[in-house]
Amino acid sequence: MSDTQKDMILKTVGLAKRYGGVHALEDANFELKAGEHVAIVGDNGAGKSTFVRQITGVEQPSAGEIYFDGEKVEFKSPIEARDCGIETVFQNLALADDLDVPSNLFLGREERYFNLGPFSILNERKMLAHAQDALRTTGVKIPDLRNKIRNMSGGQRQCVAISRAASFASKLIIMDEPTAALGVQETAQVENIIRTLKSRGIPLILISHNLRQVFDLVDRIWVFRRGRIVGAVDRSKTDGNEIVSLITGVKAAVDAPDFA
Amino acid sequence: MTEVANPTKTSEALPVRRNRPAEINVLIGLLVIAIVFEILGWLVQGQSFLANGERLRIMILQVSVVGIIAIGVTQVIITGGIDLSSGSVVGATAMIAMSFAQVSTYPRAVFPGLTDLPVVVPIAIGLGCGLLAGLINGLLIAYTRIPPFIATLGMMVTARGIAKWYTKGQPVSFPTDSYAAIGAGMTPVLIFIAMAILFQLILRYTIYGRHTYAIGSNEQAARVSGINVERHLILVYVIAGVLAGLAGVVLSARGLTAQSGMGVMYELDAIAMAVIGGTSLAGGRGSIVGTTLGMLIFGVIISGFTFLRIDAYYQEMLKGLIIVGAVVLDVYRQRYRGRS
């Protein structure tokens, strides 16, 4: 393996997904370097979410290969991807409304006193302490962690979801439209968390429709159109017009990475 | 409860908003109903309703068997499911367990060669039958993705059929003394209390409990968080089945006989107890403490009507009203608890 591939966190080669006759994703060659924050943009149905579902193990690709952290991977479930250090913040807030913050942070990987299978007793003290740490690290302020998610604002919920990902993700965080349903100030708060992640050197894939946000936050922008990657451009070398042209197809594909 | 958080406020500015536990409201309801009967008692009957140990004893004995079922049904409802089969499972397990608990002096025993067995045999068979029914419910719901309503409705009809087919409609009677002891005196109440405490603690303090609430809250979230939702649902329905089997054993032991019609409509009473006790039919919320209070409300109303010498027909009608009323209350609570 060459040196350039060593600091490659994620790489896909010829990734494709077909649902019956529908080609949702075709020949996707994607790259993410260590510490890099990238955005995936594109119209509805461009294949962004399909792409994410393949690399997070929610679905299995029809063709192509995925290399994560230098090794070829075939995730059979989101759990496998998570165990490898990939955390995903899903579009529809994967939180259990009737549970409190620590329970949500540790959902599916609860701290326990002794292992009695499903009847293991929860170590709530440890989970609460970890939750406080996790929220402090991401700069999220929530007055009462034992409060149920149901009683929280959209911004607080999203911050909990992102803190969960951020506190467990060791190698990669993927966020699917994290601010789509949020107000201005809450969006700012989420963006601050993303900047914290950048300073901690955790790579991020951000799916967003908000170009202002994309230009503010990421190093590199990947444009999807009709199931294909039509461009990968450095933020500093492009502008909103070029991105919009790529998204809408006014401008044909630019040379992207394997490419560089 | 009615205030809706303004989503544009920053999180720091949001007030801490914690709802009063639903159980407190149920407890208040129980006390109000009991006091109403107490007052009516003095007005109509010229005596106290509550200050009567025998009445309270009978009251709690009457509801405790359904209470045992309700403990399982509560867990099923918390996952967002429903179990309509529990009453029929009670009937079937009562028949089957009793047939292995008969004395040899009874000439018409179902299995004349299998009489005077140690008491663990009929108990194990009864619980096993409940487990099997719950396992079938759980497998159907988890893997065929048919709605719990349909799966357990099928089990309700099938188990009732089994109860009737088992002895071609004949009752099964004359259990051994040790089997009869399970239902004697206040033993059913003690069994209920033991199960209630056990499952309240399990729901509150174990991973099983946390995942049960998580699945009812947001099944998709539970799934992507790594919870094996299918396996968990099977476990929940198995536990509900075993508790229904236990209720069948207790009921037949108490009656000293098992009939195929035992436990008819118990599933609805159990669901009503859970819902009155604050368990949400939408899933995610509820507790055994709440269900126990719901059970006591049920008991107080039935006992109160008998005390006031109100016709049994009215009792049934009122029971229907209570069930509908509890569900309306649940819908109302959901609508006014803010978002989602």
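The values are calculated or read from the model by the stated rules, or taken from the named source; none is laboratory data. Predicted model only: the values in this text are computed from it and were never measured. Neighbour counts are summed over all protein chains in view; Cβ atoms, including those assigned to glycine, are modelled from backbone coordinates with ideal geometry. What goes into the accessible areas is simple: the full protein's heavy atoms, side chains included, and nothing from ligands, DNA or RNA. Shrake-Rupley method; radii C 1.70, N 1.55, O 1.52, S 1.80 Å.
Report yes if B:Leu256 is surrounded by fewer than 24 Cβ atoms within 10 Å (Cβ to Cβ), away from every other protein chain (no Cβ under 14 Å), aliphatic (A, V, I, L, M) and more than 21 Å from A:Ala81 (Cα to Cα), otherwise no.
yes
Give the residues of segment A:69-102 that are within 7 Å of another protein chain (Cβ to nearest Cβ) and under 18 Å from A:Thr12 (Cα atoms), sorted by residue number.
A:Pro78, A:Arg82
Among A:Arg164, A:Arg226, which is the only one that is within 14 Å of chain B (Cβ to nearest Cβ) and among the charged types (D, E, K, R)?
A:Arg164
If you take the residues of segment A:124-167 that are within 23 Å of A:Arg112 (Cβ to Cβ) and basic (Lys, Arg), which of them is farthest from the chain's Cα centre (by Cα)?
This residue is A:Arg125.
Report, by residue number, each residue of segment B:137-177 that is over 18 Å from B:Ile96 (Cβ atoms), open to solvent by less than 70 Å² (accessible area, probe 1.4 Å) and part of a helix (DSSP H, G or I).
Across segment B:137-177, the qualifying residues are B:Gly138, B:Leu140, B:Ile141, B:Ala142, B:Pro148, B:Ala151, B:Thr152, B:Leu153, B:Gly154.
Name the one entry in B:Gly248, B:Gly261, B:Gly209 that is under 18 Å from B:Val157 (Cα atoms) and at pLDDT 95 or above.
After ruling out the rest, the residue left standing is B:Gly248.
So how many residues does segment A:77-106 have that are part of a loop (DSSP other than H, G, I, E, B), within 13 Å of A:Ile55 (Cβ to Cβ) and open to solvent by 40 Å² or more (accessible area, probe 1.4 Å)?
Of the residues in that region, 1 qualify.
Within segment B:268-288, track down each residue that is farther than 13 Å from B:Ile78 by Cβ and either in contact (Cβ under 8 Å) with a residue 60 or more places away in the chain or open to solvent by 10 Å² or more (accessible area, probe 1.4 Å) (or both). Full working, then the answer.
Here is the first cut: in segment B:268-288, the residues farther than 13 Å from B:Ile78 by Cβ are B:268-270, B:272-273, B:276.
Passing the criteria: B:Leu268, B:Asp269, B:Ala270, B:Met273, B:Ile276.
Those residues that are within 7 Å of another protein chain (Cβ to nearest Cβ), farther than 17 Å from A:Arg82 by Cα, in a loop (DSSP other than H, G, I, E, B) and open to solvent by 30 Å² or more (accessible area, probe 1.4 Å), I need them from segment A:107-122; list them, please.
Initial filter on segment A:107-122 (within 7 Å of another protein chain (Cβ to nearest Cβ)): A:107-110, A:112, A:118-122.
If we keep only those that are farther than 17 Å from A:Arg82 by Cα too, we end up with A:112, A:118-122.
Pick out the ones that are also in a loop (DSSP other than H, G, I, E, B) and you get A:119-120.
Across segment A:107-122, the qualifying residue is only A:Phe119.
What number of residues in segment A:162-190 are open to solvent by 10 Å² or more (accessible area, probe 1.4 Å) and assigned to a helix (DSSP H, G or I)?
Going through segment A:162-190 one residue at a time, the tally reaches 8.
Output the residues belonging to segment A:123-159 that are more than 10 Å from every other protein chain (Cβ to nearest Cβ) and of a type in the set (Val, Ile, Thr).
A:Thr137, A:Thr138
Rundown of residues vs (1) open to solvent by less than 10 Å² (accessible area, probe 1.4 Å); (2) modelled with pLDDT under 95; (3) closer than 17 Å to B:Leu153 by Cα, yes/no style:
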{"position": "B:Val90", "(1), (2), (3)": "yes, no, yes"}
{"position": "B:Ala94", "(1), (2), (3)": "yes, no, no"}
{"position": "B:Ser104", "(1), (2), (3)": "no, yes, no"}
{"position": "B:Val119", "(1), (2), (3)": "no, yes, no"}
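Yes/no matrix, rows are residues, columns are (1) among the aliphatic types (A, V, I, L, M); (2) under 21 Å from the mean Cα position of the chain (by Cα):
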{"residue": "B:Ile141", "(1), (2)": "yes, yes"}
{"residue": "B:Phe149", "(1), (2)": "no, yes"}
{"residue": "B:Tyr166", "(1), (2)": "no, no"}
{"residue": "B:Ser173", "(1), (2)": "no, no"}
{"residue": "B:Tyr179", "(1), (2)": "no, no"}
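Could you check, for segment A:50-58, whether at least one of its residues is in contact with a helix residue (DSSP H, G or I) (Cβ under 8 Å, 6 or more places away or on another chain), without any contact (Cβ under 8 Å) to a residue 40 or more places away in the chain, over 30 Å from A:Gly240 (Cα atoms) and not in a helix (DSSP H, G or I)?
Yes, the conditions are met somewhere in segment A:50-58.
Which of the residues spanning segment A:37-58 are over 19 Å from A:Leu211 (Cα atoms) and open to solvent by 40 Å² or more (accessible area, probe 1.4 Å)?
Hits for segment A:37-58 are A:Arg53, A:Val58.
Among (1) open to solvent by 10 Å² or more (accessible area, probe 1.4 Å); (2) under 21 Å from B:Phe199 (Cβ atoms); (3) more than 14 Å from chain A (Cβ to nearest Cβ), which single condition is B:Ile322 missing?
(2)
Please enumerate the residues belonging to segment B:189-213 that are within 8 Å of chain A (Cβ to nearest Cβ) and in contact (Cβ under 8 Å) with a residue 24 or more places away in the chain.
Hits for segment B:189-213 are B:Tyr208, B:Tyr213.
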